[in-house]
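Just below is one structure, and these are the notes that go with it.
The values are calculated or read from the model by the stated rules, or taken from the named source; none is laboratory data. Fair warning: this is a prediction, and the values are worked out from it, not measured in the lab. Heads up, the Cβs are rebuilt from the backbone with ideal geometry, glycines too, and the neighbour counts pull from every protein chain shown.
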Amino acid sequence: MKQIFFVIIMLSLLLSNTCHEDLSLQSVELDHNLIPVWYYLKTGEHEKAEEASVSLNTYLYLMAEEYESLFQLTGSEDIYKDMESLLLHTHYLIDRGLHKEAIEQLYIASFKLSDWRSCTDNEHFIDRIWDFGRSYENTKQAVNDVELCLLEWHDFEEMVLDMNNFWGRIKSADATDYLSEIFTEKELVQYNFLIKTMDNCLEDFNENTMYADREESADFCNKIEPAYVQFVAMFGDFEPALKPLHENVDWENLLITNL
């Protein structure tokens, strides 16, 4: 993914000639760079999260002029300023050990990026991942609440249906070219493995929700999390020494089980 970084620098020098269909390709580099921070916070590796946050803010500093110009093309400079503030504040929260709040800030940043691309008619494949993530996190929060976030069970079932629809949009997307560009052949095998694992986890969860047992449904919903976190991490622009891809695992011959 490092080669994409240099392509973007070259493209940014020609922003006055950039057509709108290139906007999502350029802006998604922000997603790629915030994912490592999110990943390490999610896995509880807080020192690495702080290192990744420093890298993210260094990237923002180096690319600030280019990104400001990019967002100006759609008259949305304020969105970039909000993004910048959110990501700087994320580092502040990590530095003070407020890790849950830092994750929430990163979600807000990712959703702002996703919504911005949607408003400019330039949805990117990664936006479908964030849409699913937003739906999954809401579903998980509701089912883990003993009061079910004050929802009726049929309302909760609607949340589950929405989550499955968002997952279906990921699977139905024509993203072959994009995935081939950012993943090696071995990483593509891992990606397909995680897709199958997520399918299995969701199938188990969906089947359990039919019994309207909140506590058991929570257990099955929580089992989606490890595969989901690793799935999102595949799109992160990690430093080589930190990349959480298991190079020595024979992904093709692994049994598909809950992670």
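Here's the yes/no breakdown for (1) crowded, with 18+ Cβ neighbours inside 10 Å; (2) modelled with pLDDT of 90 or more:
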site	(1), (2)
LEU34	yes, yes
PHE71	yes, no
THR74	no, no
LYS81	no, no
HIS89	no, yes
ILE94	yes, yes
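The single condition among (1) in contact (Cβ under 8 Å) with a residue 24 or more places away in the chain; (2) over 30 Å from GLU29 (Cα atoms) that GLU152 does not satisfy is (1).
Residues in segment 96-122 that are surrounded by 18 or more Cβ atoms within 10 Å (Cβ to Cβ) and either aromatic (Phe, Trp, Tyr) or under 20 Å from ALA52 (Cα atoms) (or both): ALA102, ILE103, GLN105, LEU106, ALA109, SER110, LEU113, TRP116.
When you look at ASP204, is it over 19 Å from ALA233 (Cα atoms) and in a helix (DSSP H, G or I), yes or no? For ASP204, the condition - over 19 Å from ALA233 (Cα atoms) and in a helix (DSSP H, G or I) - is met.
Just one of (1) part of a loop (DSSP other than H, G, I, E, B); (2) within 22 Å of TRP116 (Cα to Cα) fails for ASP145. It is (2).
For every residue, the table says whether it meets (1) among the hydrophobic types (A, V, I, L, M, F, W, C); (2) outside the structural domain of LEU151 (by TED's automatic domain parsing); (3) without any contact (Cβ under 8 Å) to a residue 60 or more places away in the chain; (4) farther than 30 Å from LEU60 by Cβ.
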position: THR176; (1), (2), (3), (4): no, no, yes, yes
position: SER180; (1), (2), (3), (4): no, no, yes, no
position: GLU185; (1), (2), (3), (4): no, no, yes, yes
position: THR197; (1), (2), (3), (4): no, no, no, yes
position: ASP204; (1), (2), (3), (4): no, no, yes, yes
position: PHE220; (1), (2), (3), (4): yes, no, yes, yes
position: GLN230; (1), (2), (3), (4): no, no, yes, no
position: ALA233; (1), (2), (3), (4): yes, no, no, no
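The listed residues are GLU215, GLU181, and the only one of them that is modelled with pLDDT of 95 or more and out of contact with any Asp or Glu (no Cβ under 7 Å at 6 or more places or on another chain) turns out to be GLU215. Applying the criterion of being in a loop (DSSP other than H, G, I, E, B) and in contact with a helix residue (DSSP H, G or I) (Cβ under 7 Å, 6 or more places away or on another chain) to the residues of segment 209-225, the residue that is surrounded by the fewest Cβ atoms within 10 Å (Cβ to Cβ) is ALA212. A single entry from ASP204, ASP162 fulfils the requirement of being among the charged types (D, E, K, R), surrounded by 15 or more Cβ atoms within 10 Å (Cβ to Cβ), more than 21 Å from THR43 (Cβ to Cβ) and more than 21 Å from the chain's Cα centre (by Cα): ASP204.
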